[in-house]
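See below for the structure under consideration.
The values are calculated or read from the model by the stated rules, or taken from the named source; none is laboratory data. Predicted model only: the values in this text are computed from it and were never measured. Cβ sites come from the backbone with ideal geometry, for glycine too, and all protein chains shown count toward neighbours. Ligands, DNA and RNA are stripped out before the accessible areas are found, and what is left, the full protein with its side chains, is counted by its heavy atoms. Shrake-Rupley method; radii C 1.70, N 1.55, O 1.52, S 1.80 Å.
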2 protein chains.
Amino acid sequence: MGRWAPGARGRLAEAALELYGEHGYEQTTVAEIARRAGVTERTFFRHYADKREVLFDGAGALRDALVTAVAEARPETAPIEAVAAGLDAVGEVFVGRHAQSRRRQAVIAANPELQERELIKLASMAAALAETLHARGVAEPTAGLAAEAGIAVFKIGFELWVTAPEERELAQVMRESMDALRSVTATAR
Amino acid sequence: MGRWAPGARGRLAEAALELYGEHGYEQTTVAEIARRAGVTERTFFRHYADKREVLFDGAGALRDALVTAVAEARPETAPIEAVAAGLDAVGEVFVGRHAQSRRRQAVIAANPELQERELIKLASMAAALAETLHARGVAEPTAGLAAEAGIAVFKIGFELWVTAPEERELAQVMRESMDALRSVTATAR
DNA sequence: ACCATTGATGTCAGTGACTGTCATCAACGT
DNA sequence: ACGTTGATGACAGTCACTGACATCAATGGT
């Protein structure tokens, strides 16, 4: 065992979610989070770039899951179908995490700064998705539009899922949302 | 004439855009902006909630233009067509502002914090748009999806317009983007 | 002309997020 | 035994942002 208890990073993330939930994001100081995790404030900033980032540790993995699934779709798959496959993979990531997601979303919903951070994470997913589609041979601006549409479906689907009274399958909710998007954009001119 | 030169708010916005462009957003302090505008730092924060907000003074008017146009569309207009009408109205707002928009977008593109703020302004437009569609009788989650799709078209269309080598009409670019979205989501299953 | 009110600003002290720098010390390889 | 490495602590500093109070031109009523 080292000089310090291992897992400082995880303890910081846990302490932050607890404190943001208990007293609110603004009312919580980084010093408090660090104290609860048993480290100093300086150590917090060695693990997380800022006070918001501590809630978004999983964003990278989520983006990877999305991009990988899209990249691995059969080459002849239509862009929007590849995106749908990616959203399916994203849905898998959240299996068994409904309660945790709900708790986290409640914290984010209560603070604009956290919403901003969430939005830029989603924008990063959209950018990676567009790039992946482009690599599959989809031209711009179609790739960018398909990516933005996919993230829109994710946003709406995730919100439906996380606020639903009884737990459903996220992938299923997103499939329904994708169908709803198809319908609303398919209106005859 | 008053004790102070009038138009402090406008001078602050101008000074901020200049300094963010000259030295970068991070390297610019609020004290510098205030000095160039001929006021104190405290006065800056009386006009703008924070260092980022000074670049987004027009966001409210933009949202109003969008919402108004959508609300005023003929009742039998399909949701996506009402959204398209809203985007047309948004396009009008930028007529004659291509150079200024380009300058501003360059500043925003150079800094993640400013991108976050831009994203939450767009999210606010999406929320207002969804609410307006809902008031028109569009059910959820269709209203939310149509709104997100509309904002996606705005994002892509605006980016195309602002980075285009020669100036075009924004409303026209957005119409083309909307058509591209229709195409990509209309793929046979 | 006088005076109370109002509104925009200045002044100043304070909090807290975030950074740069150096010291410490267990673990690890040689 | 010893040098290196990596995570952490300690500490001073900058800057965004806020609260509280003072100032003073303009305004409007008397």
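When we screen A:Arg11, A:Arg42, A:Arg102, A:Arg97 for residues that are more than 14 Å from chain B (Cβ to nearest Cβ) and either in contact with a Cys (Cβ under 8 Å, 6 or more places away or on another chain) or within 15 Å of DNA strand C (Cβ to nearest atom) (or both), the only hit is A:Arg42.
Just to be sure, is A:Ala49 within 11 Å of DNA strand C (Cβ to nearest atom), of a type in the set (A, V, I, L, M) and within 14 Å of chain B (Cβ to nearest Cβ)?
yes
Residues that are polar (S, T, N, Q) and open to solvent by 20 Å² or more (accessible area, probe 1.4 Å) were ranked within the stretch B:170-189; the one that is farthest from A:Lys155 (Cα to Cα) is B:Gln172. Within the stretch A:142-189, the set of residues being among the basic types (Lys, Arg), more than 8 Å from chain B (Cβ to nearest Cβ) and in a loop (DSSP other than H, G, I, E, B) comprises just one member, A:Arg168.
Which of the residues belonging to the stretch B:33-80 are crowded, with 19+ Cβ neighbours inside 10 Å, among the basic types (Lys, Arg) and outside any helix (DSSP H, G or I)? If the condition is that a residue be crowded, with 19+ Cβ neighbours inside 10 Å, among the basic types (Lys, Arg) and outside any helix (DSSP H, G or I), then B:Lys51, B:Arg52 are the ones that fit. Scanning the stretch B:14-43 for residues that are under 16 Å from B:Arg104 (Cα atoms) and more than 14 Å from DNA strand D (Cβ to nearest atom) yields B:Glu14, B:Leu17, B:Glu18, B:Gly21, B:Glu22.
Quick one: A:Asp57 ticks every box in (1) more than 9 Å from DNA strand C (Cβ to nearest atom); (2) touching an Asp or Glu at 6+ places or on another chain (Cβ under 6 Å); (3) not polar (S, T, N, Q) except a single one, so which number is it? A:Asp57 satisfies all of (1) more than 9 Å from DNA strand C (Cβ to nearest atom); (2) touching an Asp or Glu at 6+ places or on another chain (Cβ under 6 Å); (3) not polar (S, T, N, Q) except (2). Among the numbered conditions (1) more than 24 Å from A:Leu114 (Cβ to Cβ); (2) crowded, with 21+ Cβ neighbours inside 10 Å; (3) in contact (Cβ under 8 Å) with a residue 40 or more places away in the chain, the only one that B:Glu167 does not meet is (2).
For every residue, the table says whether it meets (1) modelled with pLDDT of 95 or more; (2) buried (at least 21 other Cβ atoms within 10 Å of the Cβ); (3) closer than 20 Å to B:Ile120 by Cα; (4) not assigned by TED's automatic domain parsing to the domain that holds A:Pro79.
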residue	(1), (2), (3), (4)
A:Ser124	yes, no, yes, no
A:Ala130	yes, yes, no, no
A:His134	yes, no, no, no
A:Gly137	yes, no, no, no
A:Gly144	yes, yes, yes, no
A:Ala147	yes, yes, yes, no
A:Ala152	yes, yes, yes, no
A:Ile156	yes, yes, yes, no
A:Glu159	yes, no, yes, no
